[in-house]
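Take a look at the structure below.
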Amino acid sequence: MDFKLTEEHIMIRDAARDFAKNELLPGVIERDEKQEFPKEQIKKMGELGFLGMMVSPEYGGGGMDTVSYVLAMEEISKIDASASVVMSVNNSLVCWGLDTFGNEEQKQKYLTKLAAGESIGAFCLSEPEAGSDATSQKTTAIEKDDHYVLNGTKNWITNGSTADFYIVIAQTHPEKKHKGINAFIVEKGWDGFEIGPKEQKLGIRGSDTHSLNFNDVKVPKENRIGEDGFGFKFAMKTLSGGRIGIAAQALGIAAGAYELAREYSKVRKAFGTEIMNHQAIAFKLADMHTSIEAARHLVMKAACDKDNGENYDLSGAMAKLFASKTAMDVSVEAVQVHGGNGYVKEYHVERLMRDAKITQIYEGTSEIQKIVISRSILRD
Ligand SMILES: Cc1cc2nc3c(=O)[nH]c(=O)nc-3n(C[C@H](O)[C@H](O)[C@H](O)COP(=O)(O)OP(=O)(O)OC[C@H]3O[C@@H](n4cnc5c(N)ncnc54)[C@H](O)[C@@H]3O)c2cc1C
């Protein structure tokens, strides 16, 4: 077992760290307050290769491993989890899905632009009646001549109005249940495709979350991903890798909050000494650091499993479950270490605490991760 990062990994981590400090930190409080999408910053992330990190170089991606991706995700998330969710959806759900399961034409037409950051992608699975139970898809895609006719509503879609291309999951053969589901690439602006109002959110407020409506949208048959009926498997396989990205996001939020609390404890004085000299505060920091290290090991294990061609359903679910709980616990404690200052925007930790919560909800809630984990360990 080798716990050392390669020189290339360190370079990528440091590049992400510098970018987050120089480009994302300025204005992060205002973007959160105004629910403003980090448009310019995401454009730069695309130019620097952060939006298609794992895509094969022949399609314009970075050809990097999952370890590099989670290192970059952690650094971006320490500063701006709204930017990192855009990065996560584009990399692990949209690009990875297309790179792994798309055909040559789809890759040339869509993946090359997504990997270069010239276009942004969205992944549309959730519906008003189908969240954790993703098999209950009510959106339909009915075959007609050379196309499918798409009808239905998707909820909570990240990059909802900023995306150019949308991977949409829909039911084609209801009698076949989840085996009748398909995945399609849908372009913004197609007739009958409407974007609903922006959601007003607790956290990751700079990200752009919308419901989407499809009213008789004609989707060419060549835009179906994989064989007829592959859509549910496509979604589950894609989300399994996506969870590693969200685990890294949670780890970054936790680490960001911890670093702020540690530095604050060295300068804030109470009862004639820096608060780090009060054991109650020092022990909080010790607990935070320990949980973060444990979460980091789980995230790295899942990333290595993926890179080594091992099954990562279990390790990815455990990483997401633990890292998201760590993000919640650590960010709450970071606010506590800051006292009254923790409760105001200027000190950043209240935002990180609000941002942390989503990591226990999207790409499978914590309860769903426990279902995945328990099924896996009880299988034999
Ligand atoms: C900000 C944001 C961004 C999102 N981005 C996207 C996106 O880009 N694309 C997308 O497709 N979706 C997205 N989602 C949707 C997200 O994935 C779902 O909200 C999530 O999967 C939970 O589904 P739900 O909201 O319907 O909750 P429900 O499924 O209704 O769950 C409600 C509660 O019941 C629990 N529960 C449900 N079933 C079980 C069970 N069998 N056992 C135990 N407990 C159970 C859940 O864990 C949860 O606590 C996003 C959501 C948010 C809030």
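Just one of the listed residues (HIS289, HIS297, HIS278) is out of contact with any Leu (no Cβ under 8 Å at 6 or more places or on another chain) and under 30 Å from LEU378 (Cα atoms), and it is HIS297.
Residue selection: MET87 fails the criterion of being at pLDDT below 95 and among the aliphatic types (A, V, I, L, M). Here the range 359-380 is the region considered, the condition is being more than 10 Å from the ligand (Cβ to nearest atom) and among the charged types (D, E, K, R), and the residue that is nearest to ILE246 (Cα to Cα) is ARG375. Scanning the range 150-161 for residues that are over 25 Å from GLU118 (Cβ atoms), in contact with a Leu (Cβ under 9 Å, 6 or more places away or on another chain) and within 9 Å of the ligand (Cβ to nearest atom) yields a single hit, ASN155.
Among all positions in the range 341-350, there is at least one residue which is over 30 Å from VAL67 (Cα atoms) and crowded, with 22+ Cβ neighbours inside 10 Å. Would you pick out the residues in the range 1-33 that are over 30 Å from ASP305 (Cα atoms) and in contact (Cβ under 8 Å) with a residue 60 or more places away in the chain? Matches in the range 1-33: VAL28, ILE29, ARG31, ASP32, GLU33. Just one of the numbered conditions (1) free of Cβ contacts under 8 Å to residues at least 24 places away in the same chain; (2) within 21 Å of the chain's Cα centre (by Cα) is not true of ASP145: (2).
Please indicate, with yes or no, whether at least one residue in the range 102-114 is modelled with pLDDT of 95 or more, farther than 16 Å from PHE193 by Cα, part of a helix (DSSP H, G or I) and within 16 Å of the ligand (Cβ to nearest atom). Walk me through how you get there before you give the answer.
Step one: filter the range 102-114 for residues modelled with pLDDT of 95 or more, giving 102-114.
Those left that are additionally farther than 16 Å from PHE193 by Cα: 102-114.
Next cut, part of a helix (DSSP H, G or I) only: 104-114.
Subsequent filtering for residues that are within 16 Å of the ligand (Cβ to nearest atom) retains 114.
Yes: the range 102-114 contains one or more residues that are modelled with pLDDT of 95 or more, farther than 16 Å from PHE193 by Cα, part of a helix (DSSP H, G or I) and within 16 Å of the ligand (Cβ to nearest atom).
One residue stands out in the range 189-204 among those that are assigned to a loop (DSSP other than H, G, I, E, B) and within 15 Å of the ligand (Cβ to nearest atom): the one that is nearest to GLN137 (Cα to Cα), namely GLU199.
In the range 307-320, what residues are in contact with an Asp or Glu (Cβ under 8 Å, 6 or more places away or on another chain) and surrounded by 19 or more Cβ atoms within 10 Å (Cβ to Cβ)?
Our first condition is that a residue be in contact with an Asp or Glu (Cβ under 8 Å, 6 or more places away or on another chain); within the range 307-320, this holds for 307, 311-312, 315-316, 320.
Residues satisfying the conditions are TYR312, SER315, GLY316, LYS320.
Taken over the range 140-161, the residue count meeting the criterion of being part of a loop (DSSP other than H, G, I, E, B) and buried (at least 19 other Cβ atoms within 10 Å of the Cβ) is 2.
I'd like to check something: does the range 188-203 contain any residue that is among the polar types (S, T, N, Q) and closer than 19 Å to PHE37 by Cβ?
Keep residues of the range 188-203 that are among the polar types (S, T, N, Q), which gives 200.
Adding the requirement that they be closer than 19 Å to PHE37 by Cβ leaves 200.
Yes, the range 188-203 contains a residue that is among the polar types (S, T, N, Q) and closer than 19 Å to PHE37 by Cβ.
Confirm whether MET73 is within 15 Å of the ligand (Cβ to nearest atom), buried (at least 24 other Cβ atoms within 10 Å of the Cβ) and either modelled with pLDDT under 95 or in a helix (DSSP H, G or I) (or both). For MET73, the condition - within 15 Å of the ligand (Cβ to nearest atom), buried (at least 24 other Cβ atoms within 10 Å of the Cβ) and either modelled with pLDDT under 95 or in a helix (DSSP H, G or I) (or both) - is not met. For the range 326-358, which positions are within 16 Å of the ligand (Cβ to nearest atom) and touching a residue at least 60 places away in the same chain (Cβ under 8 Å)? Result: ALA327, ARG351, LEU352, MET353, ARG354, ASP355, ALA356, LYS357, ILE358. Within the range 162-173, take every residue that is among the aliphatic types (A, V, I, L, M) and assigned to a strand (DSSP E or B) and give me the one that is farthest from the ligand (Cβ to nearest atom). Ranking the qualifying residues of the range 162-173, first place goes to ALA170.
The values are calculated or read from the model by the stated rules, or taken from the named source; none is laboratory data. Given the structure is predicted, the values throughout are model-derived calculations rather than measurements. Using ideal geometry, Cβ is built from the backbone for each residue, glycine included, and neighbour counts are taken over all protein chains shown.
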